[in-house]
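Below you'll find the structure, written out as structure tokens, and then a few comments.
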Amino acid sequence: MMKRFFLCLVAGSLTTVSLCVSPLVEAQAASKPVAPWVPAGEPVDTASHELDEVLVTAARADRTTPVAQTNLQAKEIKALTVATNLPHVLWMTPSLVATSENGTGAGYSSMRIRGTDASRINVTLNGIPLNNPESQEVYWVNLPDMTSALQSLQVQRGVGTSTNGSGAFGASINMTTAGGRAASSLETATTVGSYGTFQQNIALSTGQFGRGFSLDLRYSNLTSDGYLRNGWLDHESLFAALVKRFDRSTLWINYMYGNQHTGITWEGISDAQMAVDPTFNPAGEIKEGVYYDNESDNYRQHHFQAFYTQALGERWLLNAGLNYTDGFGYYEQYKQGKSFSGMGLPNQTVEGVTYASTDLIRRKNMDNGFYTGHVNLNYHSSRLTWQTGAMYTYYDGDHFATLRWVEHNENLGADYEWVRNNGEKTDANVFTKVSYSPLAGLSTYVDLQYRFVRHALSGIDDDDMLDMTQSRNWNFFNPKVGVYYDLSTNNAVFASVGVAHREPTRADLKDAFKLGSTSQIRPERLTDVELGYTFDNHVVMAGVNLYYMRYKDQLVPTGKLNEVGYKLMGNIEKSYRAGVELQAGYRPLDRLSLEANATFSRNKALDYTAWYETYDNSNDWGDAPQLSRYFKEASLPFSPEAMGAFRVIWKPLDALSVTFTKKWVSSQYITNTQNSDLMLPAYTAANASLVYGFDVRGVTKASLGLYVDNLTSRRYSSNAWGYEAHFANGDPTYVEKGLYPVAPRHYLVKFVLQF
């Protein structure tokens, strides 16, 4: 397919705020709903912080933006990053549930915020969309240890501010990488722990040299045997940032590389298997006790980014940049008894015997390129901030499948390609946003965005050899308005209303098309109303946020999985999420801080009819007319009605920090059929850490940390899939569930040297 290359213009300039850089008060940073809590701590690197402002602020909310937000800076992020991906770094974020396929937080992991899944959480990196354009998911495993390279991040709950890429349908996360440091430094970090885990990081910063240049480099490698059988991983990443400063402008060039090889763990296990052996993993099983040893997922990415910012007088700023992301990967599986006709191939005759099926080893491959371009112009005065801009993205992705080995092979060549299809997606938006302060302490906010999306599929689907060729266009208008008011020095309130739209994913489109119902798969619409209050006097912080998220045509999982773990989706005409988020922090002593948050919510589909797969009886499983059940109100899947978290950070000595965290999540359905057998039970999880800093001759700083996850060794799962079938003759309902168990108590030790 034709590849395209674009110059992009990027991001605006508003003030971002350093939050809680002292380890004692990381808890407060993680819980901040609106206004920042800024106790004394180490200063932020000014040069890097200025670049941070330039790159992210088109999408990032400032202190007076009327959205629920959580902010973290580099030191906090690094302290929370211990051989895990971002979802587990954000473990204490209000309304967030982190999940992991292999039970340790490394490898494949994800998150939900307010019950919305990862495909509805918009993620940007330096203003560039990170969500895969086809699935709309972010695969954190594909950029291993990315969090170690971050300068800052912001989580917005709800619709939030206008952003690039797929719409924020429950939350958005925008991140900036570090770079442009003023001083030179060298840091090494070594982590070892349970299940053969070993991670090595090294980071180098030259500081400024020559005529305004600086270079930052970071390399990371992580290996582990994993908790589950076949839960191994071998990951490496590289980050480089070259910055050149001029009198009134800055040029910033980034390169990011990720290469991951991970054992497949996405199939899950049953309740019975979890009770007997939670480490069991059926992936690659040939017969009992015999497994294919390369049942794996493999992917590598190259990210190339360049940004240029130019001051136009005292109040105007223009930014330009470009981004290209190149990705290639595959997953490899051993399959038994696969029919040749199911792959569009003739039967194979070997030594006079004709075979209609065979055992084989296959690869399903992806080869894609993602190109972005955007331009932003920014104006800032004491009372008025105005930003306007546009973005264009183009994605071109090939999907193809090859046969690595075929047991009964007459004439199929090596690495025989038996199917190929393509997806192209264009996503363009224009926006303007204004923040105006007519009175001291009062700020009004208007944010308007128009978005155009075109998604075209062509070729034969590798799952069932059916034609999936189609093209769909959507036009979305996403307005947002709000107001923020400082009631006093320590008290503030905000209110906002926002609209967002979200298009169907590639899996939604192709599955609906093959069922002859493409026109019935509709884009989703969300109207989000937020009302918040916060109190903060630097000793006590308290906040409450009320939200009402009204959906039209929300796509929800039916409970059944396709071959690679995607949950099949269907539109629900009317549904909502309504809740209250409570947050509190208390710092009675310089050496002690406490934080807690809780969410109570209702998440319902209205006037909903559930349709069940139906067969004649449980012996024959012959097709029968579908059974259905009407619900005036039905609970949305993966939407616990209550959750809470607590953290205490105690520093008994200047050099010693002790942290304890605990999280509770109520029970939740895993499908929309309201079957009590398809629920995740409530669970409680606790983690602890102890970090000691000490002096070493010739070293600026040294620290040794002990980290203990699942402190009580509780057996639970934070994620699952479910399926049920009904029988026309009244036989008992067939229920199947796949659980992803969390590893029992496990340990990591991290040793850091800074020069």
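The values are calculated or read from the model by the stated rules, or taken from the named source; none is laboratory data. Please read these numbers as outputs of a predicted model, since none were measured by experiment. Every residue, glycine as well, gets a Cβ built from its backbone with ideal geometry; the counts of neighbours run over all protein chains shown.
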First in segment 90-118 and touching a residue at least 40 places away in the same chain (Cβ under 8 Å) and over 21 Å from I77 (Cβ atoms), second anywhere and charged (D, E, K, R) and part of a loop (DSSP other than H, G, I, E, B), Cβ under 9 Å, 6 or more apart: D117/E137
Those residues of segment 579-617 which are farther than 30 Å from L656 by Cα and surrounded by fewer than 16 Cβ atoms within 10 Å (Cβ to Cβ), in sequence order: V580, F600, R602, L606, D607, T609, W611, T614, D616, N617
Members of segment 428-475 found to be closer than 29 Å to A512 by Cβ, assigned to a strand (DSSP E or B) and of a type in the set (A, V, I, L, M), listed by number: A428, V453, A456, L457, I460
Pair list, Cβ under 7 Å, 6 or more apart: segment 290-301 residue under 9 Å from G329 (Cα atoms), other residue in a loop (DSSP other than H, G, I, E, B) and among the hydrophobic types (A, V, I, L, M, F, W, C): D297/I264; Q301/L143
Residue within segment 721-743 that is buried (at least 16 other Cβ atoms within 10 Å of the Cβ), within 27 Å of A118 (Cβ to Cβ) and out of contact with any strand residue (DSSP E or B) (no Cβ under 7 Å at 6 or more places or on another chain) present: yes
Every residue from segment 450-470 that is at pLDDT below 95 and touching a His at 6+ places or on another chain (Cβ under 8 Å): D462
In segment 210-232, the residues that are under 20 Å from N142 (Cβ atoms), part of a strand (DSSP E or B) and of a type in the set (S, T, N, Q): S220, N221, T223, S224
Residue match in segment 700-719 (condition: at positive phi, in contact with a strand residue (DSSP E or B) (Cβ under 7 Å, 6 or more places away or on another chain) and at pLDDT below 95): no
Within segment 346-362, tally of residues that are surrounded by fewer than 19 Cβ atoms within 10 Å (Cβ to Cβ), over 9 Å from E410 (Cβ atoms) and under 43 Å from the mean Cα position of the chain (by Cα): 4
Number of the exception - A610 against (1) over 30 Å from K552 (Cβ atoms); (2) in contact (Cβ under 8 Å) with a residue 24 or more places away in the chain; (3) of a type outside the set (V, I, T); (4) assigned to a strand (DSSP E or B): (1)
Segment 400-418, residues that are in a strand (DSSP E or B) and out of contact with any Ser or Thr (no Cβ under 8 Å at 6 or more places or on another chain): F400, A401, T402, L403, R404, W405
Residues of segment 481-511 classified as within 17 Å of Q554 (Cα to Cα) and either β-branched (V, I, T) or part of a loop (DSSP other than H, G, I, E, B) (or both), total: 4
Answer residue from segment 169-187, given it is in contact with a Leu (Cβ under 9 Å, 6 or more places away or on another chain) and under 27 Å from V483 (Cβ atoms) and is surrounded by the most Cβ atoms within 10 Å (Cβ to Cβ) among those: N174
Criterion (on the phi < 0 side of the Ramachandran plot and without any contact (Cβ under 8 Å) to a residue 40 or more places away in the chain) met by exactly one of L403, L439: L439
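For every residue, the table says whether it meets (1) basic (K, R); (2) modelled with pLDDT of 95 or more.
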site: K335; (1), (2): yes, yes
site: V350; (1), (2): no, yes
site: S357; (1), (2): no, yes
site: R363; (1), (2): yes, yes
site: D367; (1), (2): no, yes
site: G373; (1), (2): no, no
Residues of segment 622-633 satisfying the condition of being touching a strand residue (DSSP E or B) at 6+ places or on another chain (Cβ under 6 Å) and under 17 Å from Y723 (Cα atoms): Q626, L627, S628, R629
Segment 58-98, residues that are in a strand (DSSP E or B) and at pLDDT below 95: A68, Q69, T70, N71, L72, Q73
Subset of segment 158-192 (residues that are at pLDDT below 90 and part of a strand (DSSP E or B)): G170
Residue, surrounded by the fewest Cβ atoms within 10 Å (Cβ to Cβ), within segment 661-680, restricted to residues that are without any contact (Cβ under 8 Å) to a residue 40 or more places away in the chain and under 30 Å from L706 (Cβ atoms): W664
Hey, N478 of a type in the set (S, T, N, Q), in a strand (DSSP E or B), more than 30 Å from G344 (Cα to Cα) and within 24 Å of the chain's Cα centre (by Cα) or not: yes
Top-ranked residue of segment 125-157 - restricted to ones that are small (G, A, S) and either at pLDDT 95 or above or assigned to a loop (DSSP other than H, G, I, E, B) (or both), ranked as farthest from M256 (Cα to Cα): S135
Residues of segment 188-236 that turn out to be buried (at least 17 other Cβ atoms within 10 Å of the Cβ) and in contact (Cβ under 8 Å) with a residue 40 or more places away in the chain, as a count: 24
Answer residue from segment 700-753, given it is touching an Asp or Glu at 6+ places or on another chain (Cβ under 6 Å) and of a type in the set (A, V, I, L, M) and is nearest to T84 (Cα to Cα) among those: V735
Within segment 559-597, considering residues that are closer than 21 Å to E101 by Cβ and part of a strand (DSSP E or B), the one modelled with the highest pLDDT: M569
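Quick check on G207: is it more than 24 Å from R300 (Cβ to Cβ), at pLDDT 90 or above and assigned to a loop (DSSP other than H, G, I, E, B)?
yes
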Qualifying residue in segment 527-549 (condition: crowded, with 21+ Cβ neighbours inside 10 Å, within 30 Å of G397 (Cβ to Cβ), at pLDDT 95 or above and under 27 Å from the mean Cα position of the chain (by Cα)): no
Only one of Y716, Y707, Y692 that is of a type in the set (F, W, Y) and in contact (Cβ under 8 Å) with a residue 60 or more places away in the chain: Y707
Residue pairs meeting the criteria (Cβ under 7 Å; at least 6 apart or on separate chains; first of a type in the set (F, W, Y), in segment 134-145; second assigned to a loop (DSSP other than H, G, I, E, B)): Y139/N132; W140/N85
